[in-house]
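Following: one structure in structure tokens, then a few remarks.
No value in this document is a laboratory result; all are computed from the given coordinates. Computed from a predicted model, the values in this text were never measured in an experiment. Note that we place each Cβ from the backbone using ideal geometry, even for glycine, and neighbour counts take in every protein chain shown.
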Amino acid sequence: MAKANLLRGIRVSAENHRVTTFELFFDLVFVFAFTQVTVFMATQHSALGILQGLVLLALIWWSWVAYSWLANQTHADEGVVRIGMTVAMIAMFGVALTIPEAFADRTGGLFGPLVLAICYVIVRLVHATLYILSAGDDVKLRRQVIRTSFAWVVGGGLVVVGAVIGGEYEVWWWLAAIIVDALLTYATSAGGDWRLHSPTHWAERYGLIVILALGESIVAIGFGAGALPVSGPILVGAALGVLLSVGLWWLYFDWIARAAEHILGRLTGIVRVTLANDGYGYLHYALIAGVVISALGVKEVLGYADSVDALGWFGAAALTGGTSLYLAGHGFFWRRVSGNWNLWRFATATLLLLLMPLVALLPPLAALGLVVAVVLTLVVIETTRFAAQRAEVRQQPDAE
């Protein structure tokens with residue numbers, strides 16, 4: 001009876017399972033953490049700060065990926081899963097709040113790095129517990145969850161050790177933690193017994209986190225601009241920042257995301273699971289990181305919007321590097337999903353990197369304008385060149 005009460009509200013998802021409103025609510029805490037990473041990197045204003053930010057982002061992203069699997073297995077808005085995910089939300093909010101002192105504890109209060117590490121471990125522990133419960137009578141899935149949990153236990157231990165040691169070595173301990181976790185997860189999952197019940201839910205889930213990240217980047221840009229007196233250059237810079245976000249949105253959602261969902265839906269079994277793991281769980285990190293870093297570049301531009309001096313290497317690297325990473329991530333994602341190369345994405349990503357020295361020498365608004373022009377040019381080229389593919393994808397009925 002006790003087991004029945006514990007498992008009350010847990011039910012395996014069906015093929016037509018869709019994203020619930022509770023999952024969207026859950027995602028907001030993670031997106032807030034994304035924003036905190038952007039602010040952290042802007043404050044550090046260095047190459048080391050960007051590395052630290054990317055490591056923090058990887059820890060947050062890998063935690064979110066774990067919960068995307070859980071929510072595809074069972075209904076996140078019911079029973080003990082909803083309660084457990086609420087606990088995870090609180091813990092992740094603790095992670096987000098301590099990001100500003102993740103690598104340098106502030107005077108007074110608790111030791112920030114260790115607080116972040118403990119909150120992170122709680123997020124992962126709750127996920128593993130809920131997943132084992134959600135496996136229900138599926139013995140093979142339960143064994144798979146327990147086997148793969150070894151990866152996060154090792155990774156979480158390295159995060160805690162890094163936080164305790166602190167100092168200049170902390171970022172390398174945390175980098176090692178995420179690499180070990182990701183590699184062990186991949187090794188223990190290859191040819192394993194994971195389940196992906198609803199490809200529609202899966203694709204929708206990742207599409208929503210991308211759009212939430214894009215939306216939060218606009219919010220971050222808005223807060224940066226809002227701290228300054230309103231002026232013509234600020235308005236122009238804000239408009240260009242929004243146009244950049246729209247371009248990035250277009251390149252993902254116009255047809256690539258729909259086509260990928262249809263491809264995923266036609267697969268079954270381990271082939272479907274492997275594609276979901278590779279294309280979405282791993283490669284989508286490049287998209288989220290690209291959004292966060294490009295938002296950092298736009299914030300840098302808005303901070304000096306009325307200046308005629310050169311933007312400088314930090315802003316140029318964030319602006320071109322972040323956008324390039326986003327486009328390259330798209331290219332590899334499409335290659336993994338469809339087996340085809342989208343050379344336009346890779347060519348544009350390369351062009352942006354080649355333009356970095358020029359962008360560094362241009363005034364801030366001109367630099368942002370150039371990057372926006374490159375992205376929008378790619379939008380126009382692909383919309384025209386792939387018109388037939390776009391039409392074909394749009395004519396296919398959405399999965400129920």
- Which whole number in µm²/s is D for the range 210-323 by Stokes-Einstein, with the Kirkwood Rh taken over Cα pairs at 20 °C and 1.002 mPa s? 137
- List the extent of the Cα atoms of the range 1-119 along each of their three principal axes, largest first, rounded to whole Å. 52, 30, 17
- Message: In 10 Å bins starting at zero, report the fraction of Cα pairs in the range 96-193 per bin as a rounded %.
- Response: 16, 40, 27, 14, 3, 0
- Message: Under a crude label model (7 Å from the Cα following the beta-carbon direction), how far is Trp341 from Arg385 in nanometres?
- Response: 1.3
- Query: Based only on Cα atoms, what Rg/Rh ratio does the range 301-356 have, Rh being taken as Kirkwood's radius?
  - Reply: 1.15
- Message: Net charge around Ala102, counting only other residues with Cβ within less than 14 Å of its Cβ (Lys, Arg = +1; Asp, Glu = -1)?
- Response: -3
- Item | Compactness relative to 2.2 N^0.38 Å, alpha carbon Rg of the range 273-338 | 1.39
- Message: If I require 27 Å or longer along the helix axis, counting alpha carbons, and a Kyte-Doolittle average no lower than -1.0, what helices from the chain are left? Use full DSSP H segments.
- Response: 21-44, 47-73, 79-98, 112-134, 139-165, 170-189, 199-226, 232-253, 284-303, 313-338, 364-385
- Query: Among 257-266, 242-251, how do they line up from the highest to the lowest mean number of other beta-carbon atoms within 10 Å?
  - Reply: 242-251, 257-266
- Counting alpha carbon pairs within less than 8 Å and at least 6 residues apart, what relative contact order, in whole percent, applies to the chain? 17
- Determine the distance separating the Cα centre of the range 38-66 from the Cα centre of the range 136-183; give it in Å without decimals. 17
- Message: Name the residue from Ile218, Gly237, Ile132 whose Cα lies farthest towards the positive end of the charge dipole of the chain, charges +1 on Cβ of Lys and Arg and -1 on Cβ of Asp and Glu.
- Response: Ile132
- Quantify how much of the Cα-Cα distance distribution of the range 161-266 extends past 22 Å, in percent. 62
- Query: What does a probe at Arg147 reach in the range 166-203, counting residues whose amide N is under 20 Å from the point 7 Å along Cα→Cβ?
  - Reply: 180-197
- In Å, the Kirkwood estimate of hydrodynamic radius for the range 348-400 over Cα pairs equals 13.3
- Calculate the length of the line joining the C-alpha centroid of the range 292-334 to that of the range 188-219, in whole Å. 25
- The percentage of Cα-Cα pairs in the range 268-400 separated by more than 25 Å is 36
